[in-house]
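The next block holds one structure in the form of C-alpha coordinates; read it before the comments.
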Number of protein chains: 2
Amino acid sequence: MKIRAAAEPDHDPIWRIFHAVVATGDTYAIDPYISREKALAYWFGADIQTYVAESAGRIGGTYILRPNQSGGGSHVANAAFMVAPDARGQGIGRAMAEHCLSEACRLGFRAVQFNFVVSTNESAIRLWKQLGFKIVGTLPVAFRHPEKGYVDVFVMYRSLR
Amino acid sequence: MKIRAAAEPDHDPIWRIFHAVVATGDTYAIDPYISREKALAYWFGADIQTYVAESAGRIGGTYILRPNQSGGGSHVANAAFMVAPDARGQGIGRAMAEHCLSEACRLGFRAVQFNFVVSTNESAIRLWKQLGFKIVGTLPVAFRHPEKGYVDVFVMYRSLR
(Lines give C-alpha, C1' and ligand atoms only; values in the text may rest on other atoms or scores of the structure.)
Protein backbone atom coordinates (compact mmCIF):
# COMPACT_ATOMS: atom_id res chain seq x y z
CA MET A 1 0.00 0.00 0.00
CA LYS A 2 1.27 3.43 -0.93
CA ILE A 3 0.04 6.65 0.64
CA ARG A 4 0.72 9.74 -1.45
CA ALA A 5 -0.49 13.27 -2.15
CA ALA A 6 -3.72 13.25 -4.18
CA ALA A 7 -3.85 14.73 -7.68
CA GLU A 8 -6.48 15.56 -10.27
CA PRO A 9 -6.79 11.99 -11.67
CA ASP A 10 -7.77 10.87 -8.15
CA HIS A 11 -10.95 12.98 -8.16
CA ASP A 12 -13.16 10.18 -9.46
CA PRO A 13 -12.16 7.52 -6.91
CA ILE A 14 -12.13 10.11 -4.10
CA TRP A 15 -15.66 11.20 -4.95
CA ARG A 16 -16.83 7.57 -5.03
CA ILE A 17 -15.38 7.00 -1.55
CA PHE A 18 -16.61 10.35 -0.20
CA HIS A 19 -20.11 9.79 -1.51
CA ALA A 20 -20.32 6.24 -0.13
CA VAL A 21 -19.07 7.36 3.29
CA VAL A 22 -21.31 10.41 3.78
CA ALA A 23 -24.42 8.85 2.16
CA THR A 24 -25.03 6.67 5.23
CA GLY A 25 -25.09 9.79 7.43
CA ASP A 26 -23.86 7.93 10.49
CA THR A 27 -20.27 9.13 10.93
CA TYR A 28 -19.75 12.52 9.26
CA ALA A 29 -21.61 15.78 9.92
CA ILE A 30 -21.84 16.38 6.19
CA ASP A 31 -25.00 16.63 4.08
CA PRO A 32 -25.50 13.06 2.74
CA TYR A 33 -26.73 14.61 -0.53
CA ILE A 34 -23.71 16.87 -1.04
CA SER A 35 -22.79 17.33 -4.72
CA ARG A 36 -19.57 16.01 -6.24
CA GLU A 37 -18.48 19.60 -6.91
CA LYS A 38 -18.96 20.72 -3.30
CA ALA A 39 -17.41 17.55 -1.91
CA LEU A 40 -14.24 17.95 -3.99
CA ALA A 41 -14.08 21.68 -3.22
CA TYR A 42 -14.17 20.75 0.48
CA TRP A 43 -11.67 17.86 0.23
CA PHE A 44 -9.23 19.96 -1.85
CA GLY A 45 -9.85 23.29 -0.09
CA ALA A 46 -7.34 26.03 0.63
CA ASP A 47 -4.71 25.10 3.23
CA ILE A 48 -5.69 21.43 2.94
CA GLN A 49 -3.27 18.60 2.20
CA THR A 50 -5.11 15.71 0.51
CA TYR A 51 -3.76 12.17 0.40
CA VAL A 52 -4.84 8.82 -1.04
CA ALA A 53 -4.01 5.25 -0.09
CA GLU A 54 -3.33 3.20 -3.21
CA SER A 55 -2.93 -0.54 -3.51
CA ALA A 56 -2.55 -2.46 -6.80
CA GLY A 57 -3.59 0.64 -8.71
CA ARG A 58 -6.76 1.08 -6.69
CA ILE A 59 -7.57 3.95 -4.31
CA GLY A 60 -8.94 2.40 -1.12
CA GLY A 61 -8.94 5.47 1.12
CA THR A 62 -8.29 9.17 1.35
CA TYR A 63 -7.56 11.66 4.08
CA ILE A 64 -7.03 15.37 4.58
CA LEU A 65 -4.73 17.29 6.91
CA ARG A 66 -5.00 21.01 7.66
CA PRO A 67 -4.61 23.61 10.38
CA ASN A 68 -7.64 23.29 12.66
CA GLN A 69 -7.67 27.06 13.23
CA SER A 70 -5.90 30.13 11.89
CA GLY A 71 -3.74 32.67 13.73
CA GLY A 72 -2.82 31.60 17.25
CA GLY A 73 -4.48 28.20 16.75
CA SER A 74 -2.65 27.17 13.57
CA HIS A 75 -0.13 24.90 15.33
CA VAL A 76 -2.87 22.29 15.89
CA ALA A 77 -3.79 20.13 12.91
CA ASN A 78 -7.14 18.65 12.01
CA ALA A 79 -7.58 15.54 9.92
CA ALA A 80 -10.40 13.49 8.41
CA PHE A 81 -10.28 9.98 7.01
CA MET A 82 -12.43 7.99 4.62
CA VAL A 83 -12.06 4.34 3.60
CA ALA A 84 -14.04 2.79 0.74
CA PRO A 85 -16.76 0.56 2.19
CA ASP A 86 -15.51 -2.44 0.19
CA ALA A 87 -11.90 -1.89 1.35
CA ARG A 88 -12.50 -1.95 5.10
CA GLY A 89 -10.74 -4.38 7.43
CA GLN A 90 -7.46 -4.15 5.49
CA GLY A 91 -5.71 -1.69 7.78
CA ILE A 92 -6.09 1.24 5.38
CA GLY A 93 -7.51 3.51 8.09
CA ARG A 94 -4.68 2.74 10.48
CA ALA A 95 -2.02 3.15 7.78
CA MET A 96 -3.46 6.54 6.79
CA ALA A 97 -3.67 7.65 10.43
CA GLU A 98 -0.03 6.72 11.04
CA HIS A 99 0.97 8.50 7.84
CA CYS A 100 -1.06 11.51 8.98
CA LEU A 101 0.73 11.74 12.34
CA SER A 102 4.05 11.57 10.56
CA GLU A 103 3.01 14.24 8.04
CA ALA A 104 1.64 16.48 10.78
CA CYS A 105 5.02 16.26 12.56
CA ARG A 106 6.92 16.93 9.34
CA LEU A 107 4.77 20.00 8.63
CA GLY A 108 5.55 21.38 12.09
CA PHE A 109 2.20 20.89 13.82
CA ARG A 110 2.36 20.40 17.58
CA ALA A 111 -0.86 18.38 17.96
CA VAL A 112 -3.71 16.79 16.02
CA GLN A 113 -7.35 17.35 16.93
CA PHE A 114 -10.51 15.62 15.75
CA ASN A 115 -13.43 17.98 16.28
CA PHE A 116 -16.31 15.64 15.71
CA VAL A 117 -15.98 11.93 16.46
CA VAL A 118 -19.46 10.44 16.70
CA SER A 119 -19.61 8.36 19.88
CA THR A 120 -21.24 5.41 18.09
CA ASN A 121 -18.28 5.14 15.69
CA GLU A 122 -16.59 2.61 17.95
CA SER A 123 -14.03 1.25 15.49
CA ALA A 124 -12.71 4.74 14.80
CA ILE A 125 -12.56 5.63 18.50
CA ARG A 126 -10.72 2.40 19.28
CA LEU A 127 -8.18 3.14 16.55
CA TRP A 128 -7.64 6.75 17.65
CA LYS A 129 -7.09 5.63 21.23
CA GLN A 130 -4.56 3.01 20.09
CA LEU A 131 -2.73 5.80 18.27
CA GLY A 132 -2.51 7.94 21.41
CA PHE A 133 -5.55 10.18 21.03
CA LYS A 134 -7.51 11.09 24.14
CA ILE A 135 -11.11 12.22 24.48
CA VAL A 136 -10.74 15.83 25.67
CA GLY A 137 -14.36 16.86 25.24
CA THR A 138 -17.87 15.44 25.00
CA LEU A 139 -20.54 17.34 23.06
CA PRO A 140 -23.91 16.27 24.43
CA VAL A 141 -26.31 14.86 21.79
CA ALA A 142 -24.52 16.88 19.11
CA PHE A 143 -25.15 14.35 16.32
CA ARG A 144 -28.42 13.04 14.94
CA HIS A 145 -27.70 9.43 14.00
CA PRO A 146 -30.05 8.07 11.31
CA GLU A 147 -30.91 4.98 13.41
CA LYS A 148 -29.83 5.79 16.97
CA GLY A 149 -31.20 9.32 17.23
CA TYR A 150 -29.32 12.03 19.09
CA VAL A 151 -25.96 10.76 20.32
CA ASP A 152 -22.90 12.34 21.92
CA VAL A 153 -19.84 13.45 20.00
CA PHE A 154 -16.23 13.38 21.18
CA VAL A 155 -13.42 15.86 20.63
CA MET A 156 -10.16 13.87 20.47
CA TYR A 157 -6.64 15.23 20.75
CA ARG A 158 -3.08 13.99 20.52
CA SER A 159 0.04 15.98 21.24
CA LEU A 160 2.98 15.46 18.88
CA ARG A 161 5.56 16.76 21.37
CA MET B 1 -29.52 49.49 22.31
CA LYS B 2 -30.97 47.75 19.30
CA ILE B 3 -29.72 44.43 17.98
CA ARG B 4 -30.66 43.77 14.37
CA ALA B 5 -29.62 41.84 11.25
CA ALA B 6 -26.56 43.40 9.61
CA ALA B 7 -26.74 44.88 6.13
CA GLU B 8 -24.33 46.25 3.54
CA PRO B 9 -24.02 49.75 5.12
CA ASP B 10 -22.75 48.04 8.28
CA HIS B 11 -19.65 46.67 6.52
CA ASP B 12 -17.44 49.62 7.47
CA PRO B 13 -18.16 49.61 11.21
CA ILE B 14 -18.07 45.80 11.29
CA TRP B 15 -14.65 45.75 9.67
CA ARG B 16 -13.38 48.37 12.13
CA ILE B 17 -14.54 46.23 15.05
CA PHE B 18 -13.32 42.98 13.49
CA HIS B 19 -9.91 44.41 12.73
CA ALA B 20 -9.49 45.90 16.21
CA VAL B 21 -10.51 42.62 17.87
CA VAL B 22 -8.34 40.24 15.85
CA ALA B 23 -5.31 42.57 15.61
CA THR B 24 -4.41 41.91 19.24
CA GLY B 25 -4.27 38.16 18.51
CA ASP B 26 -5.21 37.21 22.07
CA THR B 27 -8.81 35.95 21.78
CA TYR B 28 -9.53 34.78 18.24
CA ALA B 29 -7.76 32.10 16.21
CA ILE B 30 -7.82 34.37 13.18
CA ASP B 31 -4.84 35.82 11.32
CA PRO B 32 -4.31 39.28 12.91
CA TYR B 33 -3.37 40.58 9.43
CA ILE B 34 -6.52 39.27 7.70
CA SER B 35 -7.73 41.57 4.90
CA ARG B 36 -11.00 43.46 5.03
CA GLU B 37 -12.24 41.42 2.07
CA LYS B 38 -11.53 38.07 3.72
CA ALA B 39 -12.87 39.22 7.07
CA LEU B 40 -16.19 40.33 5.59
CA ALA B 41 -16.41 37.17 3.46
CA TYR B 42 -16.03 35.17 6.68
CA TRP B 43 -18.43 37.27 8.76
CA PHE B 44 -21.10 37.23 6.01
CA GLY B 45 -20.45 33.69 4.78
CA ALA B 46 -22.99 31.17 3.52
CA ASP B 47 -25.40 29.86 6.18
CA ILE B 48 -24.32 32.67 8.53
CA GLN B 49 -26.69 35.10 10.24
CA THR B 50 -24.91 38.37 11.00
CA TYR B 51 -26.14 40.88 13.58
CA VAL B 52 -25.06 44.26 14.89
CA ALA B 53 -25.71 46.05 18.18
CA GLU B 54 -26.54 49.70 17.53
CA SER B 55 -26.85 52.49 20.04
CA ALA B 56 -27.42 56.17 19.17
CA GLY B 57 -26.62 55.42 15.53
CA ARG B 58 -23.32 53.78 16.39
CA ILE B 59 -22.43 50.09 15.92
CA GLY B 60 -20.78 48.92 19.14
CA GLY B 61 -20.73 45.17 18.50
CA THR B 62 -21.45 42.42 16.03
CA TYR B 63 -22.06 38.70 16.20
CA ILE B 64 -22.66 35.75 13.92
CA LEU B 65 -24.84 32.67 14.32
CA ARG B 66 -24.63 29.56 12.15
CA PRO B 67 -24.90 25.78 12.20
CA ASN B 68 -21.72 24.44 13.78
CA GLN B 69 -21.74 21.43 11.47
CA SER B 70 -23.72 20.19 8.46
CA GLY B 71 -25.80 17.03 8.07
CA GLY B 72 -26.43 15.23 11.35
CA GLY B 73 -24.71 18.00 13.31
CA SER B 74 -26.74 20.94 12.00
CA HIS B 75 -29.04 21.18 15.03
CA VAL B 76 -26.19 22.68 17.08
CA ALA B 77 -25.43 26.35 16.50
CA ASN B 78 -22.11 28.13 16.69
CA ALA B 79 -21.73 31.81 17.45
CA ALA B 80 -18.96 34.41 17.67
CA PHE B 81 -19.08 37.86 19.24
CA MET B 82 -17.04 41.02 18.84
CA VAL B 83 -17.36 44.26 20.79
CA ALA B 84 -15.58 47.47 19.76
CA PRO B 85 -12.66 48.06 22.17
CA ASP B 86 -13.97 51.55 23.02
CA ALA B 87 -17.49 50.23 23.70
CA ARG B 88 -16.62 47.60 26.31
CA GLY B 89 -18.12 47.56 29.78
CA GLN B 90 -21.54 48.69 28.53
CA GLY B 91 -23.19 45.28 28.47
CA ILE B 92 -23.09 44.97 24.69
CA GLY B 93 -21.56 41.49 24.82
CA ARG B 94 -24.17 40.24 27.25
CA ALA B 95 -27.03 41.79 25.27
CA MET B 96 -25.79 40.20 22.05
CA ALA B 97 -25.35 36.82 23.76
CA GLU B 98 -28.90 36.90 25.12
CA HIS B 99 -30.18 37.94 21.70
CA CYS B 100 -28.17 35.09 20.18
CA LEU B 101 -29.71 32.45 22.48
CA SER B 102 -33.16 33.75 21.62
CA GLU B 103 -32.39 33.74 17.88
CA ALA B 104 -30.89 30.24 18.07
CA CYS B 105 -34.12 29.03 19.71
CA ARG B 106 -36.27 30.81 17.14
CA LEU B 107 -34.28 29.24 14.29
CA GLY B 108 -34.84 25.78 15.76
CA PHE B 109 -31.35 24.99 17.04
CA ARG B 110 -31.21 22.63 20.02
CA ALA B 111 -27.92 23.86 21.48
CA VAL B 112 -25.16 26.45 21.05
CA GLN B 113 -21.49 25.51 21.02
CA PHE B 114 -18.38 27.66 21.20
CA ASN B 115 -15.49 25.73 19.66
CA PHE B 116 -12.59 27.86 20.73
CA VAL B 117 -12.76 29.90 23.94
CA VAL B 118 -9.21 30.87 24.90
CA SER B 119 -8.76 30.04 28.60
CA THR B 120 -7.17 33.42 29.34
CA ASN B 121 -10.29 35.24 28.09
CA GLU B 122 -11.73 35.33 31.60
CA SER B 123 -14.42 37.95 31.07
CA ALA B 124 -15.91 35.97 28.18
CA ILE B 125 -15.80 32.70 30.13
CA ARG B 126 -17.46 34.33 33.14
CA LEU B 127 -20.24 35.69 30.89
CA TRP B 128 -20.81 32.37 29.09
CA LYS B 129 -21.05 30.57 32.44
CA GLN B 130 -23.56 33.13 33.72
CA LEU B 131 -25.61 32.43 30.59
CA GLY B 132 -25.67 28.69 31.24
CA PHE B 133 -22.75 27.51 29.14
CA LYS B 134 -20.59 24.71 30.49
CA ILE B 135 -17.03 23.80 29.64
CA VAL B 136 -17.40 20.42 27.90
CA GLY B 137 -13.87 20.12 26.59
CA THR B 138 -10.34 21.39 27.17
CA LEU B 139 -7.90 21.55 24.27
CA PRO B 140 -4.39 21.42 25.74
CA VAL B 141 -2.15 24.36 24.73
CA ALA B 142 -4.20 24.82 21.57
CA PHE B 143 -3.69 28.60 21.41
CA ARG B 144 -0.51 30.61 21.16
CA HIS B 145 -1.16 33.77 23.14
CA PRO B 146 1.03 36.72 22.09
CA GLU B 147 2.13 37.41 25.68
CA LYS B 148 1.30 34.27 27.66
CA GLY B 149 2.56 31.66 25.21
CA TYR B 150 0.74 28.36 24.69
CA VAL B 151 -2.48 28.27 26.69
CA ASP B 152 -5.46 25.91 26.89
CA VAL B 153 -8.69 26.43 25.00
CA PHE B 154 -12.19 25.51 26.14
CA VAL B 155 -15.12 24.10 24.20
CA MET B 156 -18.32 25.48 25.75
CA TYR B 157 -21.85 24.21 25.22
CA ARG B 158 -25.37 25.14 26.24
CA SER B 159 -28.50 23.15 25.55
CA LEU B 160 -31.58 25.13 24.51
CA ARG B 161 -33.99 22.35 25.49
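The values are calculated or read from the model by the stated rules, or taken from the named source; none is laboratory data. If you're wondering where the values come from, they're calculated on a predicted model, not measured in any experiment. Note that each Cβ is placed from the backbone with ideal geometry, even for glycine, and that neighbours are counted across all protein chains shown. Surface accessibility is based on the protein's heavy atoms, side chains included, excluding ligands, DNA and RNA. Shrake-Rupley method; radii C 1.70, N 1.55, O 1.52, S 1.80 Å.
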Can you pull out the residues in region B:54-74 that are within 13 Å of the chain's Cα centre (by Cα) and more than 14 Å from chain A (Cβ to nearest Cβ)?
B:GLY61, B:THR62, B:TYR63, B:ILE64, B:LEU65
Across region A:106-156, what is the number of residues that are in contact with a Lys or Arg (Cβ under 6 Å, 6 or more places away or on another chain) and buried (at least 19 other Cβ atoms within 10 Å of the Cβ)?
2
Which strands (runs of 3 or more DSSP E) sit wholly inside region A:1-115 and have at least 3 residues that are at positive phi and without any contact (Cβ under 8 Å) to a residue 12 or more places away in the chain?
none
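Could you identify the single residue in A:ALA80, A:ALA97 that is open to solvent by less than 30 Å² (accessible area, probe 1.4 Å) and within 14 Å of chain B (Cβ to nearest Cβ)? Show your work before the answer.
Working: A:ALA97 fails: within 14 Å of chain B (Cβ to nearest Cβ).
On inspection, the qualifying residue turns out to be A:ALA80.
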In the list B:GLN90, B:GLN49, B:GLN69, which residue meets the criterion of being out of contact with any helix residue (DSSP H, G or I) (no Cβ under 9 Å at 6 or more places or on another chain), of a type in the set (S, T, N, Q) and over 21 Å from B:ARG126 (Cα atoms)?
B:GLN69
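When region B:21-39 is examined, which residues are found to be away from chain A (no Cβ under 11 Å) and either among the β-branched types (Val, Ile, Thr) or within 15 Å of the chain's Cα centre (by Cα) (or both)? Please lay out each step first, then the result.
Initial filter on region B:21-39 (away from chain A (no Cβ under 11 Å)): B:21, B:35-37, B:39.
Of everything in region B:21-39, those that are away from chain A (no Cβ under 11 Å) and either among the β-branched types (Val, Ile, Thr) or within 15 Å of the chain's Cα centre (by Cα) (or both) turn out to be B:VAL21, B:ALA39.
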